[in-house]
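For reference, the structure discussed in these notes is given below.
The values are calculated or read from the model by the stated rules, or taken from the named source; none is laboratory data. In this text, all values refer to a predicted model and were calculated from it rather than measured experimentally. For neighbour counting, all protein chains shown are included, and Cβ atoms are generated from backbone atoms with ideal geometry for every residue, glycine included. Surface areas here come from the heavy atoms of the whole protein model, side chains and all, with no ligands, DNA or RNA. Shrake-Rupley method; radii C 1.70, N 1.55, O 1.52, S 1.80 Å.
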Amino acid sequence: MRNSSLFFLYLSTGVFFLGLLLMHASFSAKAQQESLEEKSALVKALQLTDLCLFTEARYTRHLSQADLNTAFQDHPLSLEHFPSGSFTQPPERIIDRP
Amino acid sequence: MRNWIEKQRYIIDFTISSLLRRKVKNFGLLALYTLIVFILASTMFFTYAIKKEASLILKGAPEIVVQKIVAGRHDLFPASYIETIKSIRGVASVESRLWGYYYDSLVSANYTLLTPPSSDAAKPSAKTTVVESESGGQSARPLYELNGAVLEPGTLIIGNGVARLRNIGKDDYMPFRAFDGKVMNFRIAGVLSSQSELVSSDLMLITGEDFRKLFGIDQSHVTDLTVAVNNPSEVEMVASKIKKHLPDARPIIRDEILRTYDSIFNWRGGMMIVIFSAAVLAFVIFAWDKASGLSAGERREIGILKAVGWETSDVIQMKFWEGAVVSLTAFFSGVILAYVHVFFTGSIVFEPALKGWSSLYPNFELTPFVNLEQLTTLFFLTVVPYTVATIVPIWRAATIDPDSAMRFTGE
């Protein structure tokens, strides 16, 4: 088989698999609707405010409920030391400050 | 048209043969390129999916949460404030919350102890929130009830993460050290569904009475309040009124909660972009060097091609296909691997960073929210720059005289 034929075969396979993945994403999103509703119902029933993503510190467990000066709360010169701190951005009111 | 297609195919045949002549170099480049696409696509898929999931799940979060702030820190909320908030026009209902953290030194984990709102226990809307029996089957009973056992004093309903970490289940006992040093034993009445781990992994549902005994909180205080508002468009107005009536209170509205999770994992901001831009910059330097710094062999190859009749445009087309072959191969491999990584293996590469110092981390499967827009962005971020970087420098090399190209071999 010619190299160009192999290349186009690879491209077609890639496009086919990408299409399959998009279909998988679409079907999975529909299939997991019930699970999402269950989680949403739990949030509503228990009046939860946050996702349980980082349990390492109280202000990373409940990001939306954290103190206003969270990053420096352990002592005045303390920089954020938890890895999860690097995944979150400062609140908008700090970013937008003139 | 047919001739043009045939010509392009011959050029591709030649390009691939030419790439295969320098196997080590080109496979090295391809592997690195695939890795960059893989990391970028994984980050994009993961962040988009988690943000989308957060927005769907947290739409049921309280409209307003009111905390009390003392000396800049969250403090216990006096129950006497409840009446003040109830009297504000537009407030539909006010509910107190009791919640806090308990550090379990045995497994070095923090649990979130929470008292379920009493009024919601009987609500039919809670019927979808089920607790799971030890065998893993789901009961259709309302929340706080499992096989007839309700959450009562002396019992707990625990999140699946806690059950996994402590290797405990229904009817097991769990000891806690109370604020006064006394040991309190709680029986596990049930385990929350594993499906809900993203919000409940570290949760422990406890009765209000037990919560107060455990942490020594008297009846005159609660942790914070949730406020429901009659008209959703008045939420901000009610929040500002709360702040006016109670200057030491801090209202947090649902929009702020949602915005917190919208800014989380923002791959275009924070430390992520610093780390990622370093990797991309390294790749750009590598690609530029590879594409612009022609080796003596490549220069001679161009010289020979021109000497045997190839035109400058043919050489540029060859280089275009070279860039396209490498970048498209890397794009498809990287994106497919990233999808498998994020949605089938639970983002195993990111796991150590995400876990951080947590010893209790939720096991959750992300819902694959992927769309064409993401794939298009990825395509333009990865394939286009490399292909262009390959063509532009080659213009200079392709326009030189074949004789001097063959002479200037450096060999």
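Please specify each residue of the range B:20-38 satisfying the condition of being among the hydrophobic types (A, V, I, L, M, F, W, C), buried (at least 20 other Cβ atoms within 10 Å of the Cβ) and farther than 14 Å from B:Gln374 by Cα.
Within the range B:20-38, B:Leu29, B:Ile36 qualify.
Any residue that is in a loop (DSSP other than H, G, I, E, B), crowded, with 21+ Cβ neighbours inside 10 Å, hydrophobic (A, V, I, L, M, F, W, C) and at pLDDT 90 or above - is there at least one of those in the range B:91-105?
Filtering the range B:91-105 down to residues in a loop (DSSP other than H, G, I, E, B) leaves B:98, B:105.
If we keep only those that are crowded, with 21+ Cβ neighbours inside 10 Å as well, we get B:98.
Then keep just the ones that are hydrophobic (A, V, I, L, M, F, W, C); that gives B:98.
Remaining after also requiring at pLDDT 90 or above: B:98.
Yes, the range B:91-105 has at least one match.
So, in the range B:356-400, exactly how many residues are of a type outside the set (Asp, Glu) and under 30 Å from B:Tyr103 (Cβ atoms)?
At the first step, the residues of the range B:356-400 found to be of a type outside the set (Asp, Glu) are B:356-364, B:366-372, B:374-400.
Filter once more, so that each one left must be under 30 Å from B:Tyr103 (Cβ atoms): B:356-364, B:366.
Result for the range B:356-400: 10.
Residue check, B:Asp13 against (1) within 30 Å of B:Thr226 (Cβ to Cβ); (2) facing chain A (nearest Cβ under 10 Å); (3) surrounded by fewer than 21 Cβ atoms within 10 Å (Cβ to Cβ), all met but one. Which one?
Here B:Asp13 meets the rest and fails (1).
So for the range B:54-63 (the condition being crowded, with 17+ Cβ neighbours inside 10 Å, under 23 Å from the mean Cα position of the chain (by Cα) and not aliphatic (A, V, I, L, M)), does at least one residue qualify?
Checking the range B:54-63: at least one residue is crowded, with 17+ Cβ neighbours inside 10 Å, under 23 Å from the mean Cα position of the chain (by Cα) and not aliphatic (A, V, I, L, M).
Quick check on my filter: what residues within the range B:344-384 are within 9 Å of chain A (Cβ to nearest Cβ) and over 30 Å from B:Ser108 (Cβ atoms)?
Within the range B:344-384, B:Thr367, B:Pro368, B:Phe369, B:Val370, B:Asn371, B:Leu372, B:Leu375 qualify.
Just to be sure I understand the filter: pairs with C-beta atoms under 7 Å, separated by 6 or more residues or on different chains, first member in the range A:55-77 and modelled with pLDDT under 80, second member among the basic types (Lys, Arg) and open to solvent by 40 Å² or more (accessible area, probe 1.4 Å). Which pairs pass?
Listed pairs, sorted by first residue: A:Asp67/B:Arg73.
Those residues that are within 13 Å of chain A (Cβ to nearest Cβ) and farther than 18 Å from B:Asn110 by Cβ, I need them from the range B:194-223; list them, please.
In the first step, residues of the range B:194-223 are kept if they are within 13 Å of chain A (Cβ to nearest Cβ); the result is B:194-206, B:222-223.
Result: B:Ser194, B:Gln195, B:Ser196, B:Val222.
Within the range B:367-375, does at least one residue satisfy the condition of being farther than 13 Å from A:Ala25 by Cβ and either modelled with pLDDT of 85 or more or buried (at least 22 other Cβ atoms within 10 Å of the Cβ) (or both)? Even if it seems obvious, please write down each step before you answer.
Step one: filter the range B:367-375 for residues farther than 13 Å from A:Ala25 by Cβ, giving none.
Taking every residue of the range B:367-375 in turn, none turns out to be farther than 13 Å from A:Ala25 by Cβ and either modelled with pLDDT of 85 or more or buried (at least 22 other Cβ atoms within 10 Å of the Cβ) (or both).
Only residues that are assigned to a helix (DSSP H, G or I) and open to solvent by 30 Å² or more (accessible area, probe 1.4 Å): list them for the range B:336-356, please. Steps first, answer last, please.
Of all residues in the range B:336-356, those assigned to a helix (DSSP H, G or I) come to B:336-343, B:351-355.
Passing the criteria: B:Ile336, B:Leu337, B:Val340, B:Glu351, B:Pro352, B:Ala353, B:Lys355.
Would you check if B:Ser333 is over 26 Å from A:Ala31 (Cα atoms), facing another protein chain (nearest Cβ under 10 Å) and open to solvent by less than 40 Å² (accessible area, probe 1.4 Å)? Don't jump to the end; show me each part of the working.
Details: over 26 Å from A:Ala31 (Cα atoms): yes; facing another protein chain (nearest Cβ under 10 Å): yes; open to solvent by less than 40 Å² (accessible area, probe 1.4 Å): yes.
Here the answer is yes, as B:Ser333 does meet what is asked.
Would you confirm, using the coordinates I've provided, whether B:Leu156 is out of contact with any Gly (no Cβ under 9 Å at 6 or more places or on another chain), on the phi < 0 side of the Ramachandran plot, open to solvent by less than 10 Å² (accessible area, probe 1.4 Å) and of a type outside the set (D, E, K, R)? Don't jump to the end; show me each part of the working.
Values: out of contact with any Gly (no Cβ under 9 Å at 6 or more places or on another chain): no; on the phi < 0 side of the Ramachandran plot: yes; open to solvent by less than 10 Å² (accessible area, probe 1.4 Å): yes; of a type outside the set (D, E, K, R): yes.
No: the conditions fail for B:Leu156.
Please tell me if B:Ile82 is in the same structural domain as B:Thr223 (by TED's automatic domain parsing) and either open to solvent by 20 Å² or more (accessible area, probe 1.4 Å) or assigned to a helix (DSSP H, G or I) (or both).
On the way: in the same structural domain as B:Thr223 (by TED's automatic domain parsing): yes; either open to solvent by 20 Å² or more (accessible area, probe 1.4 Å) or assigned to a helix (DSSP H, G or I) (or both): yes.
Considered against the rule, which asks whether it is in the same structural domain as B:Thr223 (by TED's automatic domain parsing) and either open to solvent by 20 Å² or more (accessible area, probe 1.4 Å) or assigned to a helix (DSSP H, G or I) (or both), B:Ile82 comes out as yes.
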